[in-house]
Every structure is written in structure tokens, then in C-alpha cells.
1. Ordered by residue, what ³J(HN,Hα) values in Hz, to whole numbers, does segment 38-45 give under the Karplus form 6.51 cos²θ - 1.76 cosθ + 1.60, where θ = phi - 60° and Gly and Pro are x?
2. Going from most exposed to least, what order do Trp214, Trp276, Trp91 have by accessible area with a 1.4 Å probe?
3. Binning every alpha carbon pair distance of the chain at 5 Å from zero, what are the percents per bin?
4. Computed FRET efficiency, Cβ-Cβ of Thr52 and Arg72, R0 22 Å: what is it to the nearest 0.05?
5. Starting from the amide H of Val114, placed 1.01 Å from N in the peptide plane, find each other amide H under 5 Å away whose residue is 5 or more places distant or on another chain.
6. Around Ile176, under 11 Å between beta carbons, what's the net of Lys plus Arg minus Asp minus Glu among the other residues?
7. Shape verdict for segment 5-162, please, from the Cα gyration tensor: rounded (a/c under 1.5), prolate (a/b greater than b/c) or oblate.
8. Would you tell me the accessible area of Ser213, worked out with a 1.4 angstrom probe on the heavy atoms of the protein chains, in Å² to the nearest 10?
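The values are calculated or read from the model by the stated rules, or taken from the named source; none is laboratory data. This is a predicted model, so every value here is computed, not measured. Counting neighbours? That spans all protein chains shown, and the Cβs are built from the backbone with ideal geometry, glycine included. Heads up: the accessible areas ignore ligands, DNA and RNA and are worked out on the full protein's heavy atoms, side chains in. Shrake-Rupley method; radii C 1.70, N 1.55, O 1.52, S 1.80 Å.
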Amino acid sequence: MSAQRVAVIGLGRMGWHMAAHLAKAGHAVSVCDVVPGVAQKWVDENGGTGFTDAAAAVSGRDIVITSLPADRELFAVADVILPVLINGSLWVDHSTTSAEGARTVHARGAEKSVAFLDAPVSGGVDGARNGTLTVMAGGDQVAFDRAEKIMGAYAARITLMGSSGAGQITKMTNQICVVGLCQALAEGLDFAESAGLDVSKVIHVMLQGSSASWQMANRAEKMLAGEYNYGFSTTLMRKDVGLVLDEAKSMNVPLPVTEMVGRMLAEVSQMGGDAWDWCSLMERQRHSH
Ligand code: NAD
């Protein structure tokens with residue numbers, strides 16, 4: 001596609017790589033992060049222009065990409081950029097937020113003729129680094145068609161799930177399906193280790209059987225080695241579990257496993273694991289006996 005003028009706000013573990021792929025694809029990228037020095041560091045590596053002020057970063061851009069921690073930061077950025085964005089702008093938000101939060105910003109954007117897509121991602125930091133993310137979007141078809149071309153710079157699978165909020169509900173479903181799985185993996189590895197088996201060999205065998213999963217392929221060896229200094233933080237997974245449980249409560253859907261693993265993740269936090277990848281559930285499991 002032709003080069004676009006794009007602003008990326010939020011240069012964390014995910015946004016950093018998304019912005020880098022956009023720059024590599026030839027787009028003129030301006031970047032912003034509230035943490036002083038981060039935007040400049042990104043510019044030193046990738047070119048473009050860097051800001052700590054989101055309003056300055058979106059000036060003269062009609063496509064904005066955000067990758068922020070949660071609702072609070074999304075609303076803070078909306079307050080700053082919606083007054084300055086030009087009519088007809090497109091805002092693609094890759095943060096995982098509440099569905100209600102996404103719908104609120106979508107409605108506020110519509111008042112200003114700014115199209116907003118909730119577009120949470122799956123695939124982790126490696127997916128962002130390798131440009132192979134999965135995007136699940138909610139919003140209008142016209143906005144999606146425009147955004148799809150941009151997102152192709154860093155995503156391999158991009159799907160419109162329905163109207164505003166549908167992307168976030170899909171992402172919540174993804175999290176429900178993965179939380180119990182990671183705890184089960186921790187239990188299995190701890191069990192095999194306690195029985196004195198060669199656990200790497202066990203993982204190798206299981207990867208060819210019915211219990212194979214992304215978590216097993218990408219995390220099991222690291223869990224075994226007790227390495228957690230990367231990836232998707234315990235803090236962010238606890239945030240996602242909170243979003244899921246709130247949404248489930250409003251629909252009266254019981255999620256007993258998700259609830260239980262949420263409590264276990266709180267224990268990982270108490271162990272000092274807020275910034276660890278959430279597969280540090282393994283650390284909690286090892287300390288539980
Ligand atoms: P992160 O905390 O590393 O990055 C968020 C960035 O946003 C930080 O650099 C922070 O300084 C910046 N920020 C916060 N408020 C800001 C503001 N007002 N203006 C500008 N910048 C601001 O988080 P992450 O791991 O990159 O995740 C980002 C989002 O993607 C989260 O919602 C997370 O749930 C989701 N996600 C993360 C992963 C993962 O593996 N890390 C995977 C899938 C989805």
C-alpha cells in the first residue's frame with residue numbers, strides 16, 4: 001500500500017515492535033510514550049519523530065495506532081487526541097480493554113467523525129517482534145478495510161468480529177481459554193519433576209500428543225528453567241482476568257477455573273512477580289508444596 005502518515009502511541013513491549021514494522025514498511029511514523037526518553041530511543045533506532053505529548057504526535061496524521069495498558073490510559077489518550085484529530089481520521093486501538101470502554105471511545109470518536117476500532121491482539125511479544133500477530137477487531141466495516149492494510153505490517157491474521165466491542169469480547173474469550181491451560185501446564189511439569197522424570201523429554205513427547213498447545217511449545221522449557229523475565233506480565237494478565245470476570249458477571253456466566261487462576265495470579269504478585277511473564281504460575285506451583 002502507499003506510504004501513510006501514522007502516529008503510534010504506547011511504545012511498550014508490543015507497541016515498540018508494531019511501530020518498527022510500520023517504519024520498515026515505509027510509512028512516516030511519529031511515536032509517543034509518556035515515559036521520558038522512550039520515544040527518542042525508538043527514533044534513534046528506527047527514524048521518524050518522537051514525542052511525550054500524544055497531541056503533538058498525532059498532529060498532521062490521520063491514522064493513529066495505540067497500544068496502552070488498560071481503560072484508564074485509553075481514556076487519558078482519548079481526552080488528549082480527540083480534540084485535535086482531523087475529521088475522517090482512523091484510530092486503531094490494540095490495547096486489551098473492557099468492551100464498554102471500547103464502545104465509549106467509539107461513540108466519542110463518532111461525534112468527531114473519527115473511526116475507532118477495538119483491535120486487541122494475540123501472539124505475544126514474539127508475535128509483535130516477528131510481525132505475526134493475530135488481530136480480533138470490533139467496529140465498522142469501512143474503518144476495518146482501511147485499517148487492515150496498515151495492520152498487515154505486523155499481523156498475519158486480521159478478522160473483523162462484529163460491531164464495536166466485539167474485538168475485546170473475542171480477546172476475553174481467548175484469555176478464558178488460556179488461563180486454565182497454563183496452570184494445568186504448571187501442574188503437569190511440577191508433577192513430572194517431582195516424580196524424577198526428565199521433564200524436557202516429557203515436554204518433547206507431549207508436544208506430539210493431545211496436550212500440545214502454544215503455551216507448551218513456547219513456555220514450558222522456560223517454566224522448567226524458572227525464567228520469567230520477558231513476555232506478558234502477571235499484572236496485565238490479572239487485568240485481563242478482571243475484565244473477563246466483570247463481563248461474565250454481567251451476563252451471569254460462571255467461570256470457576258478463570259476465577260481460581262485469577263486468585264493464583266494474585267499470589268504470584270505477592271511473590272514479587274508483577275513484571276514476570278504470567279507463566280510464572282509455575283513458580284507459585286513449585287512453592288505450593
Ligand atoms: P506495556 O506496559 O509494556 O506498554 C504500554 C506502554 O504504554 C508503556 O510504554 C507506557 O509507558 C505507555 N503509556 C501508558 N500511558 C500512556 C499515555 N497516556 N500516553 C502514551 N503512552 C502511554 O504493555 P504491553 O505488554 O506492550 O501491552 C500493551 C497492551 O497489549 C495491553 O493492553 C496488553 O494487555 C496487550 N497485550 C500484550 C501482550 C504481551 O505479550 N505483552 C499480548 C497481547 C496483548
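1. Taking θ as phi minus 60°, the curve returns 5, 4, 5, 4, 5, 4, 4, 8 Hz for segment 38-45.
2. If we order Trp214, Trp276, Trp91 from most to least accessible, we get Trp214, Trp276, Trp91.
3. 1, 6, 12, 15, 17, 16, 12, 9, 6, 3, 1, 0, 0
4. So the FRET efficiency works out to roughly 0.80.
5. Amide H neighbours of Val114, under 5 Å, 5+ apart: Gly88.
6. Cβ neighbours under 11 Å give a net charge of -2.
7. It is rounded, given that a/c, with a ≥ b ≥ c, falls under 1.5.
8. In the full protein context, Ser213 sits at about 30 Å².
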